[in-house]
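The values are calculated or read from the model by the stated rules, or taken from the named source; none is laboratory data. Everything numeric here is computed off the predicted structure, so don't read it as measured data. Cβ atoms come from the backbone with ideal geometry, glycine included; neighbour counts cover every protein chain shown.
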Amino acid sequence: MKGKIPDLLLNPERFFSAEIEEPESFRMPLLILFIGGVAGAILGYITTGPFVKLYADPGIGMFTTISGIAGGFVSFFISWIVIAAILFLISMAFRGSGTFKRTLEFIGFGMLPQVLGAIISIIIAPSYFSRIVVSPIRSLTDIQVVLQAQNQVLKSPAYIEYQHIAAVLGIIFLLWSANIWIFGLKHSRNISLKHAVITVLVPVVIFAGISLYFAFFGMPFGGVA
(Lines give C-alpha, C1' and ligand atoms only; values in the text may rest on other atoms or scores of the structure.)
Protein backbone atom coordinates (compact mmCIF):
# COMPACT_ATOMS: atom_id res chain seq x y z
CA MET A 1 0.00 0.00 0.00
CA LYS A 2 1.59 3.24 -1.16
CA GLY A 3 -1.05 5.58 0.17
CA LYS A 4 -0.92 6.82 3.75
CA ILE A 5 -3.88 6.65 6.14
CA PRO A 6 -3.78 10.42 6.96
CA ASP A 7 -4.00 11.10 3.22
CA LEU A 8 -6.91 8.66 2.94
CA LEU A 9 -8.87 10.65 5.51
CA LEU A 10 -7.77 14.18 4.62
CA ASN A 11 -6.42 14.07 1.06
CA PRO A 12 -8.01 11.11 -0.75
CA GLU A 13 -6.95 12.40 -4.17
CA ARG A 14 -3.30 11.99 -3.19
CA PHE A 15 -4.00 8.63 -1.53
CA PHE A 16 -5.74 7.04 -4.53
CA SER A 17 -3.32 8.58 -7.03
CA ALA A 18 -0.63 6.54 -5.30
CA GLU A 19 -2.77 3.48 -4.65
CA ILE A 20 -3.93 3.06 -8.25
CA GLU A 21 -0.33 2.30 -9.21
CA GLU A 22 -0.29 -0.69 -6.84
CA PRO A 23 -1.63 -4.19 -7.60
CA GLU A 24 -5.14 -4.85 -6.33
CA SER A 25 -5.10 -5.93 -2.70
CA PHE A 26 -7.84 -6.36 -0.11
CA ARG A 27 -5.55 -6.66 2.89
CA MET A 28 -6.05 -3.13 4.22
CA PRO A 29 -9.74 -2.75 3.25
CA LEU A 30 -10.55 -6.06 4.95
CA LEU A 31 -8.66 -4.98 8.06
CA ILE A 32 -10.69 -1.75 8.13
CA LEU A 33 -13.91 -3.71 7.70
CA PHE A 34 -12.95 -6.26 10.35
CA ILE A 35 -12.33 -3.50 12.89
CA GLY A 36 -15.61 -1.94 11.86
CA GLY A 37 -17.34 -5.28 12.24
CA VAL A 38 -15.99 -5.70 15.76
CA ALA A 39 -17.13 -2.18 16.63
CA GLY A 40 -20.52 -2.91 15.08
CA ALA A 41 -20.81 -6.10 17.11
CA ILE A 42 -20.08 -4.25 20.34
CA LEU A 43 -22.61 -1.57 19.40
CA GLY A 44 -25.14 -4.28 18.58
CA TYR A 45 -24.64 -5.78 22.02
CA ILE A 46 -25.23 -2.40 23.66
CA THR A 47 -28.28 -1.43 21.63
CA THR A 48 -30.04 -4.77 22.07
CA GLY A 49 -29.52 -4.67 25.84
CA PRO A 50 -32.91 -3.12 26.74
CA PHE A 51 -34.73 -5.59 24.48
CA VAL A 52 -32.93 -8.52 26.12
CA LYS A 53 -34.18 -7.30 29.50
CA LEU A 54 -37.75 -7.47 28.19
CA TYR A 55 -37.70 -11.24 27.99
CA ALA A 56 -37.88 -13.32 31.15
CA ASP A 57 -36.92 -16.36 29.05
CA PRO A 58 -33.08 -16.49 29.04
CA GLY A 59 -33.09 -18.42 25.77
CA ILE A 60 -34.87 -15.64 23.92
CA GLY A 61 -32.63 -13.08 25.58
CA MET A 62 -29.54 -14.97 24.44
CA PHE A 63 -30.90 -15.24 20.89
CA THR A 64 -31.57 -11.50 20.84
CA THR A 65 -28.05 -10.75 22.05
CA ILE A 66 -26.40 -13.05 19.52
CA SER A 67 -28.55 -11.59 16.73
CA GLY A 68 -27.51 -8.05 17.69
CA ILE A 69 -23.83 -8.95 17.80
CA ALA A 70 -23.89 -10.93 14.55
CA GLY A 71 -25.96 -8.30 12.78
CA GLY A 72 -23.63 -5.55 13.90
CA PHE A 73 -20.60 -7.44 12.64
CA VAL A 74 -21.85 -8.48 9.21
CA SER A 75 -23.58 -5.16 8.49
CA PHE A 76 -20.24 -3.54 7.69
CA PHE A 77 -19.39 -6.19 5.11
CA ILE A 78 -22.87 -6.14 3.58
CA SER A 79 -22.82 -2.34 3.34
CA TRP A 80 -19.40 -2.47 1.69
CA ILE A 81 -20.54 -4.83 -1.06
CA VAL A 82 -23.88 -3.10 -1.63
CA ILE A 83 -22.32 0.38 -1.80
CA ALA A 84 -19.60 -0.77 -4.19
CA ALA A 85 -22.16 -2.50 -6.43
CA ILE A 86 -24.47 0.55 -6.54
CA LEU A 87 -21.65 2.97 -7.33
CA PHE A 88 -20.17 0.61 -9.91
CA LEU A 89 -23.53 0.33 -11.69
CA ILE A 90 -24.22 4.07 -11.62
CA SER A 91 -20.74 4.83 -12.95
CA MET A 92 -21.51 2.66 -15.98
CA ALA A 93 -23.66 5.57 -17.18
CA PHE A 94 -20.43 7.57 -17.44
CA ARG A 95 -18.57 4.75 -19.23
CA GLY A 96 -16.42 3.79 -16.28
CA SER A 97 -13.74 1.35 -17.36
CA GLY A 98 -12.21 0.06 -14.13
CA THR A 99 -12.91 -3.38 -12.71
CA PHE A 100 -15.42 -4.16 -9.96
CA LYS A 101 -12.60 -5.70 -7.94
CA ARG A 102 -10.70 -2.42 -7.90
CA THR A 103 -13.91 -0.51 -7.11
CA LEU A 104 -14.61 -2.88 -4.22
CA GLU A 105 -11.08 -2.35 -2.90
CA PHE A 106 -11.27 1.45 -3.02
CA ILE A 107 -14.78 1.60 -1.54
CA GLY A 108 -13.43 -0.54 1.30
CA PHE A 109 -10.82 2.12 2.06
CA GLY A 110 -13.62 4.68 2.20
CA MET A 111 -15.38 2.74 4.97
CA LEU A 112 -12.82 4.00 7.49
CA PRO A 113 -14.91 7.01 8.65
CA GLN A 114 -17.78 4.58 9.25
CA VAL A 115 -15.50 2.67 11.62
CA LEU A 116 -14.67 5.88 13.46
CA GLY A 117 -18.39 6.65 13.71
CA ALA A 118 -19.10 3.22 15.19
CA ILE A 119 -16.37 3.69 17.78
CA ILE A 120 -17.83 7.05 18.82
CA SER A 121 -21.26 5.41 19.06
CA ILE A 122 -19.81 2.78 21.40
CA ILE A 123 -18.58 5.57 23.64
CA ILE A 124 -21.85 7.52 23.80
CA ALA A 125 -24.48 4.75 23.57
CA PRO A 126 -24.17 3.32 27.12
CA SER A 127 -25.10 6.64 28.72
CA TYR A 128 -28.44 6.53 26.87
CA PHE A 129 -29.29 2.84 27.01
CA SER A 130 -28.49 2.59 30.71
CA ARG A 131 -31.35 5.06 31.34
CA ILE A 132 -33.96 2.88 29.66
CA VAL A 133 -36.12 1.08 32.22
CA VAL A 134 -38.27 -1.87 31.08
CA SER A 135 -40.70 -4.31 32.65
CA PRO A 136 -39.93 -7.93 31.71
CA ILE A 137 -42.51 -9.86 29.69
CA ARG A 138 -43.68 -12.99 31.47
CA SER A 139 -45.70 -14.34 28.58
CA LEU A 140 -44.91 -14.15 24.87
CA THR A 141 -48.20 -15.59 23.68
CA ASP A 142 -50.00 -12.23 23.59
CA ILE A 143 -48.58 -10.28 20.63
CA GLN A 144 -50.20 -7.07 21.81
CA VAL A 145 -48.42 -7.33 25.15
CA VAL A 146 -45.11 -7.97 23.38
CA LEU A 147 -45.54 -4.94 21.11
CA GLN A 148 -46.47 -2.72 24.03
CA ALA A 149 -43.39 -3.89 25.91
CA GLN A 150 -41.14 -3.18 22.93
CA ASN A 151 -42.63 0.29 22.73
CA GLN A 152 -41.31 0.86 26.25
CA VAL A 153 -37.89 0.93 24.61
CA LEU A 154 -38.73 2.49 21.26
CA LYS A 155 -40.68 5.39 22.78
CA SER A 156 -38.47 6.03 25.79
CA PRO A 157 -36.91 9.53 25.79
CA ALA A 158 -33.39 8.13 26.09
CA TYR A 159 -33.83 5.84 23.08
CA ILE A 160 -35.35 8.58 20.94
CA GLU A 161 -32.61 11.02 21.92
CA TYR A 162 -29.97 8.47 21.02
CA GLN A 163 -31.61 7.87 17.63
CA HIS A 164 -31.48 11.59 16.86
CA ILE A 165 -27.84 11.90 17.83
CA ALA A 166 -26.94 8.67 16.06
CA ALA A 167 -28.64 9.82 12.86
CA VAL A 168 -26.82 13.15 12.80
CA LEU A 169 -23.46 11.56 13.56
CA GLY A 170 -24.15 8.88 10.98
CA ILE A 171 -24.75 11.48 8.28
CA ILE A 172 -21.56 13.34 9.20
CA PHE A 173 -19.43 10.21 8.89
CA LEU A 174 -21.32 9.10 5.78
CA LEU A 175 -20.46 12.39 4.08
CA TRP A 176 -16.84 11.94 5.12
CA SER A 177 -16.87 8.50 3.52
CA ALA A 178 -18.60 9.94 0.45
CA ASN A 179 -15.76 12.40 -0.02
CA ILE A 180 -13.32 9.49 -0.03
CA TRP A 181 -15.50 7.39 -2.33
CA ILE A 182 -15.62 10.21 -4.88
CA PHE A 183 -11.88 10.11 -5.40
CA GLY A 184 -11.73 6.33 -5.02
CA LEU A 185 -14.33 5.96 -7.76
CA LYS A 186 -12.63 8.53 -9.95
CA HIS A 187 -9.48 6.41 -10.00
CA SER A 188 -10.96 2.92 -9.78
CA ARG A 189 -13.47 3.52 -12.60
CA ASN A 190 -11.36 6.03 -14.55
CA ILE A 191 -14.07 8.68 -14.75
CA SER A 192 -13.98 12.45 -14.34
CA LEU A 193 -14.24 14.09 -10.93
CA LYS A 194 -17.60 15.61 -11.94
CA HIS A 195 -19.03 12.23 -12.85
CA ALA A 196 -17.62 10.68 -9.68
CA VAL A 197 -19.32 13.38 -7.60
CA ILE A 198 -22.66 12.71 -9.29
CA THR A 199 -22.28 8.94 -8.96
CA VAL A 200 -21.56 9.11 -5.24
CA LEU A 201 -23.71 12.01 -4.06
CA VAL A 202 -27.00 10.98 -5.66
CA PRO A 203 -27.43 7.73 -3.65
CA VAL A 204 -25.75 9.21 -0.55
CA VAL A 205 -28.08 12.22 -0.43
CA ILE A 206 -31.13 10.00 -0.95
CA PHE A 207 -30.03 7.64 1.82
CA ALA A 208 -29.19 10.53 4.15
CA GLY A 209 -32.60 12.09 3.62
CA ILE A 210 -34.42 8.81 4.30
CA SER A 211 -32.30 8.15 7.40
CA LEU A 212 -33.00 11.57 8.88
CA TYR A 213 -36.70 11.31 8.12
CA PHE A 214 -37.09 7.97 9.90
CA ALA A 215 -34.91 9.05 12.81
CA PHE A 216 -36.86 12.24 13.48
CA PHE A 217 -40.33 11.65 12.05
CA GLY A 218 -40.79 7.95 11.41
CA MET A 219 -40.19 4.65 13.14
CA PRO A 220 -36.90 4.82 15.09
CA PHE A 221 -34.12 2.50 14.12
CA GLY A 222 -30.65 2.01 15.58
CA GLY A 223 -27.06 2.48 14.59
CA VAL A 224 -24.44 5.10 13.62
CA ALA A 225 -22.11 4.55 10.86
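Of the residues making up the stretch 37-46, at least one is over 12 Å from ALA118 (Cα atoms) and in contact with a Gly (Cβ under 8 Å, 6 or more places away or on another chain). With respect to the stated conditions, SER127 is part of a helix (DSSP H, G or I), out of contact with any strand residue (DSSP E or B) (no Cβ under 7 Å at 6 or more places or on another chain), of a type in the set (S, T, N, Q) and loosely packed, with under 13 Cβ neighbours inside 10 Å. Out of the residues in the stretch 53-68 that are at pLDDT below 90 and of a type in the set (A, V, I, L, M), which is nearest to ILE124 (Cα to Cα)? By that ranking, first place goes to LEU54. Return a yes/no flag: does the stretch 214-221 have any residue that is assigned to a helix (DSSP H, G or I) and either of a type outside the set (A, V, I, L, M, F, W, C) or modelled with pLDDT of 95 or more (or both). No, the stretch 214-221 contains no residue that is assigned to a helix (DSSP H, G or I) and either of a type outside the set (A, V, I, L, M, F, W, C) or modelled with pLDDT of 95 or more (or both). Of everything in the stretch 179-204 that's out of contact with any helix residue (DSSP H, G or I) (no Cβ under 6 Å at 6 or more places or on another chain) and of a type in the set (A, V, I, L, M, F, W, C), which residue is surrounded by the fewest Cβ atoms within 10 Å (Cβ to Cβ)? Restricting to residues being out of contact with any helix residue (DSSP H, G or I) (no Cβ under 6 Å at 6 or more places or on another chain) and of a type in the set (A, V, I, L, M, F, W, C), the top hit is VAL202. Of the residues that make up the stretch 164-178, is at least one among the polar types (S, T, N, Q) and surrounded by fewer than 21 Cβ atoms within 10 Å (Cβ to Cβ)? Checked the stretch 164-178: no residue is among the polar types (S, T, N, Q) and surrounded by fewer than 21 Cβ atoms within 10 Å (Cβ to Cβ).
Here is a yes/no grid of residues against (1) within 30 Å of GLN152 (Cα to Cα); (2) buried (at least 17 other Cβ atoms within 10 Å of the Cβ); (3) over 12 Å from the mean Cα position of the chain (by Cα); (4) among the charged types (D, E, K, R):
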residue: ASN11; (1), (2), (3), (4): no, no, yes, no
residue: GLU22; (1), (2), (3), (4): no, no, yes, yes
residue: GLY36; (1), (2), (3), (4): yes, yes, no, no
residue: THR47; (1), (2), (3), (4): yes, yes, yes, no
residue: PRO58; (1), (2), (3), (4): yes, no, yes, no
residue: ILE66; (1), (2), (3), (4): yes, no, yes, no
residue: GLY72; (1), (2), (3), (4): yes, yes, no, no
residue: GLY98; (1), (2), (3), (4): no, yes, yes, no
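The set of residues from the stretch 7-57 being of a type in the set (A, V, I, L, M, F, W, C) and over 27 Å from SER188 (Cα atoms) comprises VAL38, ALA39, ALA41, ILE42, LEU43, ILE46, PHE51, VAL52, LEU54, ALA56.
Yes or no, residue by residue, for (1) of a type in the set (D, E, K, R); (2) free of Cβ contacts under 8 Å to residues at least 40 places away in the same chain; (3) part of a helix (DSSP H, G or I):
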| position | (1), (2), (3) |
| --- | --- |
| SER17 | no, no, yes |
| SER25 | no, no, no |
| GLY36 | no, no, yes |
| ILE42 | no, no, yes |
| LYS53 | yes, no, yes |
| ALA70 | no, yes, yes |
